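Visitor: Below you'll find the structure I mean.
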């Protein structure tokens, strides 16, 4: 099983927004905005992943296909863990789940 993690470039933001839309349809419908042109997401921090130090947008590749993402930042809520980074969002597309991709990425 070939799994890679690469940084998402700002040129790939449209693809990330599509994945974020699927992600929020599963976990939080209140982040979805329905317009005359379709659906989009309400995620005010998205652009900051390319503009702020300490934020890192990562894409999950399985056999060179983009199958998920991880958004990492420095906003740690549980100080007892002494963590320097935190996972804000973590997603693997449904059709790629249950085969160890998420577990591999988490570790």
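Bear in mind that the values in this text are calculations on the coordinates, not laboratory data. In this text the structure is predicted, and so the values were computed from the model without any measurement. When we count neighbours, we look across all protein chains shown, and the Cβ atoms used for this are built from the backbone with ideal geometry, even at glycine.
Visitor: Test residue 46 against the stated conditions and say whether it is farther than 16 Å from residue 96 by Cα, in contact with a strand residue (DSSP E or B) (Cβ under 6 Å, 6 or more places away or on another chain) and touching a residue at least 12 places away in the same chain (Cβ under 8 Å).
Guide: Here the answer is no, as residue 46 does not meet what is asked.
Matching residues to (1) out of contact with any strand residue (DSSP E or B) (no Cβ under 8 Å at 6 or more places or on another chain); (2) free of Cβ contacts under 8 Å to residues at least 24 places away in the same chain:
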position	(1), (2)
16	no, no
29	yes, yes
32	no, yes
50	no, no
